[in-house]
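S.K.: Structure in structure tokens, see below.
Any read-out appearing in this document is the output of simple, stated calculations on the displayed coordinates, not a laboratory observation. It should be emphasised that the depicted structure is a prediction, and the values quoted were computed from it without experimental measurement. Using ideal geometry, Cβ is built from the backbone for each residue, glycine included, and neighbour counts are taken over all protein chains shown.
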Amino acid sequence: MSKVGLGVVGVGAMGKHHAENLRRAVPGARLVAVADADRERARQVAAELEVDYHYGSIEALVERKDIQAVVIASPAKFHAGAIQLAAAAGKDILCEKPLTLTLEEADGALAAVEKARVRLQVGHMRRYDPAYADAKKRIEAGEIGDPVVFKAIGRDREPPPLSYFEAGLNGMLFLDSSIHEFDLARWLMNDEVAEVHAFGGILTFPELAQFGDIDAGVVNLRFSRGAIGNVESFRQARYGYDIRTEIVGSKGTIQVGYLRQTPQLVLTGAGASHDVVSHWLERFADAYLNEVRDFVQTILAGRPPRVTGKDGREALAVALAAQLSCRESRPIMLLELSRVRRSPAAS
């Protein structure tokens with residue numbers, strides 16, 4: 001196989017960005033078709049990117065024999081079903097985060113992938129950001145000794161439109177946003193989260209109350225080998241898109257992240273100012289491109305994905321534990337989620 005035929009399912013902002021990368025910037029990729037529940041949006045994206053085929057459902061897209069892999073960028077509520085359909089059709093899969101919205105759905109999706117013997121890569125794209133990838137290498141090389149504290153900040157400039165929160169399509173803050181930090185925590189600390197204690201509130205965006213969501217959250221973490229951590233998430237920082245991570249080790253510290261888009265600083269009589277990163281597609285443009293390039297190369301090389309379905313499930317478990325902790329105002333052991341799932345009362 002010299003090129004991988006791909007289809008993109010869900011062509012909102014994220015899916016369209018994936019489609020653009022696959023169409024224009026990924027050697028070895030051939031974008032065959034796009035699909036969206038909004039058939040007109042699928043048609044428009046296909047026309048803009050000069051893609052020959054567009055569909056109103058994943059079922060129609062995965063019937064194509066010239067598609068070997070699909071990128072799933074539909075709302076999270078539909079991820080489990082899309083993964084199972086793609087797997088049954090024998091397609092390799094890159095699925096956006098979160099993997100699903102429940103552990104039951106995640107386990108069903110992973111079982112379908114295993115049965116079909118296809119690849120599943122989960123879209124925790126920050127692992128592909130050059131700065132984070134370099135930090136991982138330095139930690140593994142022992143430059144900061146043993147990691148002992150993980151700290152992360154994730155602040156959006158503005159929240160998405162209210163339509164984004166309708167019908168619970170994407171999950172609350174911990175699943176939709178903080179899950180990036182939870183994946184980084186596992187990856188950079190090379191350890192599993194054992195316990196969380198989460199706090200959250202509606203502090204600046206009261207409209208979220210009708211959806212049972214929050215706009216600000218803080219999650220304290222304890223890892224299985226004793227390290228500790230803290231994750232802050234905020235939907236409405238106003239000043240810019242602000243993503244920062246710090247890993248404190250026994251011999252040093254690594255800090256990742258920046259607020260300025262350029263090194264320019266303006267000094268005037270009114271004061272000093274500098275520009276800021278305004279959007280996640282700007283801050284992580286390289287990460288998203290590197291992610292889909294790696295997905296295509298993984299298929300061509302016949303190797304397992306670097307970010308696995310298990311990685312997606314473990315990050316989801318931390319997010320769900322944080323959600324439960326916030327709602328019940330108590331610490332949650334990750335093992336408790338497994339006990340709840342096995343309990344007859346929970347079924």
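S.K.: Work out, step by step, the length gained on full extension between residue 138 and residue 244: first 0.36 nm times the residue separation, then minus their alpha carbon distance; give nm to one decimal.
M.R.: 36.5 nm
S.K.: To the nearest 0.05, what FRET efficiency results for residue 25 and residue 262 with a Förster distance of 25 Å applied to their C-beta separation?
M.R.: For residue 25 and residue 262, the calculated efficiency is 0.65.
S.K.: Still on this structure: What length, rounded to one decimal in nm, is gained on full extension from residue 279 through to residue 2, with 0.36 nm per residue of separation minus their alpha-carbon distance?
M.R.: Fully extending the segment from residue 279 to residue 2 adds 96.2 nm.
S.K.: A further question follows. Label residue 162 and residue 202 with points 7 Å out from Cα along Cα→Cβ: what is the distance between them in nm?
M.R.: Rounded to a tenth, the inter-label distance reads 1.1 nm.
S.K.: Just for the chain, what percent of DSSP beta bridges are antiparallel, to the closest 5?
M.R.: DSSP beta bridges in the chain are roughly 55 percent antiparallel.
S.K.: Using per-residue counts of other Cβ atoms within 10 Å, averaged over each peptide, order 150-158, 109-117 from highest down.
M.R.: Those peptides, ordered most packed to least, come out 150-158, 109-117.
S.K.: Do you know the Lys pair count in the chain for C-alpha distances under 22 Å, with sequence separation 8 or more or different chains?
M.R.: So the count works out to 25.
S.K.: So, one more: Given (i) 17.1; (ii) 21.7; (iii) 19.6 as candidate values of mean projected area of the Cα convex hull in nm², which corresponds to the one derived from the coordinates?
M.R.: Label of the calculated value: (iii).
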